[in-house]
Every structure is written in structure tokens, then in C-alpha cells.
Amino acid sequence: MTLAILLVLYSLAVAVLAPPVLDRITRGGTAPRLAITAWAGATSGVLLAWVLAAALIGRSVLLTDRDMHDVLIDCFDTIGRMAVGSHGPVLQMALLVLATLSVAAVAMLIGRLAMALGRARKSTHQHCRTARLVADRRPGPGGSVVLDTAERAVYCIAGRPPTIVITRGALEALDDAQLAAVLAHERAHLSGRHHLLIATSRAVATVLPHLRVFPAAAAAIGRLIEMRADDVAVRRHPGSTLVSALLTLSGVEPMPDAALAASSVGLVDRVERLLTPPGPRLTAPVHVALGASAIVSLVGPVAAAGLVTLLPHLCPFPLF
């Protein structure tokens, strides 16, 4: 029980502290792949701590064959007396109900996440089939499919098979170099299986919208994934070409920075980092901070479980 309480406290600390810290570190888009790992580690660490805590509560209160007081004495003497009925059957039953509800809550959470991911997968595959049905019969550039619409859009669908969709409006607006850069960006999404990260983070945020870490992680991961795909694309294409393609697709013509910020705020961060990437002196501390954040967030629950499990064997005094 003590370990379960520690894991819950750990998860609350990560849920409260991670969003402002990670948002500040990752806002500039430095090392987007490592930044994605840090955000995913924070959310995974919180969920893992909950699952471990629920499992420990269930094992200690519901599944043990030993005397209940012996099991719970390491947590709190009062809770132990309640569990064995020293404070009456009402409090004993209340504790058992609490343990049952804790396990049931985690099971329901896992079920809702599975359903959300299943719906997202079904929607993606249906979208892919629909796009191929209504697209032109002739394949587009790079094996893409072309939709006959004036809207400017290029996007990928991780269906079966994975598909890149280009609208007729985008084909007419982009030159060959811009189109090649955009296609490289979309292929980076498909090869990196970015749809899995987006679907998972959005599903968790949908199921747990009131805990800030989950919606914040979903928004940050979506933004960082675009930056990661940008980085892959500029390995073979000039950054200025990709920037001009992004502005063309957004309907924004090249103009002074003030006008760009007013008319297309969503592109500002990506455009700035493509045109003025940070130097090594600025990126090195960010790499260290992100790596430490990912390790602490994800490994924390497992390390805490191992530490508290080993302490009774290493120390003769009851520390917990």
C-alpha cells in the first residue's frame, strides 16, 4: 500500500510539473524527436504509475491470503486496523470498496483508451478507401492520389496502403521543387509512423481531458511531429523551398514578418526554425534537459517500485 501511495504521489507530481517545464523546453522545436519522447514519457509515466498502483492495491487488499493487518501495516496503522475490521465492518467494507473501485477505474480507463484507438484506426482506413475511390484514376506525383478540388492541401493517410493525397489546387499552386519538398515531408510522417503517436496522444487526451498533462502532450506532440517531418524533408531539399511551399499551401504569400504573424500564426514557429535554426551552443543544453526529462518521467515508476521493494531487505529499520 505504501508503494501504491508513492506511485500516486509521483504521478500527480509529474502531471502537475511536466506541462510547464516541457512546454518551455520544447517550444522552440529544438530536437523534436527527443522532445516527442519527453512528452510521451511524461504521459506514459503517469499512466504506468496508475496501473502499478492499482495492481498493488488489488493485490494487497483483494488477493492476499495473509492477515490483512500484516499486509497494510507498512502503509498506515489506521488503514490496517480498518482493513481487518478493528474499526467496525462499515469502515472495513469502505476500504474494500475503495480498492475495488481503484482497480475498476484503471480497467475502465484501459477499455476506453482501446475503444478510442479502435475508432481512430477505423476512421483512418475508411478515409483512405474513400480517398482512393474518389481520386483521379491516374496516379499523382510520387505515387500519390489526386483529388479534383480547388482547395490547396497535401496530406498523408496511414491506411492500407499508406496514401499521400494531393488536391488539384495544390498541384497547380506548387512548382516542382516545392512539391518534392512537401512529398518528402509527408513520406517522413508515414515512415516514422507518426500516426500512432498522434492517435494515442489524442485518445488519452480525449479520455482524460481534465488532467492538463494529457491535452498539453497531445497538442505538443502534434506540433513537434510536424517539425520532425520538416527536419527530415530539409535533409534533401532547401529549407527555403519547404517554407515557400508551406506558405503557398496555407494561402499566404511571402510578406514581412509582422504580416505573416497576423495572418498565419500556426506557421510562425515552423518557418522561423527552418530559416534560422539554432546553433550547437543552444541545442546542447536542450538535448540534456529533454533526455533527463524523458528518463525521469518514464523510468520513475519502475525505479520507485524496485527501490521500495528492495529497501526492506537492505535496511533493518521500517522506513515506510
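The values are calculated or read from the model by the stated rules, or taken from the named source; none is laboratory data. Please read all numbers here as calculations on a predicted model, not as lab measurements. For neighbour counting, all protein chains shown are included, and Cβ atoms are generated from backbone atoms with ideal geometry for every residue, glycine included.
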_Scope the stretch 201-215; condition assigned to a helix (DSSP H, G or I), surrounded by fewer than 20 Cβ atoms within 10 Å (Cβ to Cβ) and in contact (Cβ under 8 Å) with a residue 60 or more places away in the chain; matching residues_ = Thr206, Val207
*asked:* On the basis of being modelled with pLDDT under 90, of a type in the set (Val, Ile, Thr) and closer than 26 Å to Thr37 by Cα, does Val207 make the cut?
replied: yes
_Can you confirm whether Ile5 is surrounded by fewer than 19 Cβ atoms within 10 Å (Cβ to Cβ) and of a type in the set (A, V, I, L, M, F, W, C)?_
yes
*In the stretch 250-302, which residue that is of a type in the set (Ser, Thr, Tyr) and at pLDDT below 75 is surrounded by the most Cβ atoms within 10 Å (Cβ to Cβ)?*
Ser297
_I need every pair where a residue in the stretch 138-152 that is exposed (fewer than 12 other Cβ atoms within 10 Å of the Cβ) has its Cβ under 7 Å from the Cβ of a residue that is not β-branched (Val, Ile, Thr), sequence separation at least 6 or different chains._
Asp148/Asp136; Asp148/Arg168; Ala150/Arg168; Ala150/Gly169; Glu151/Gly169
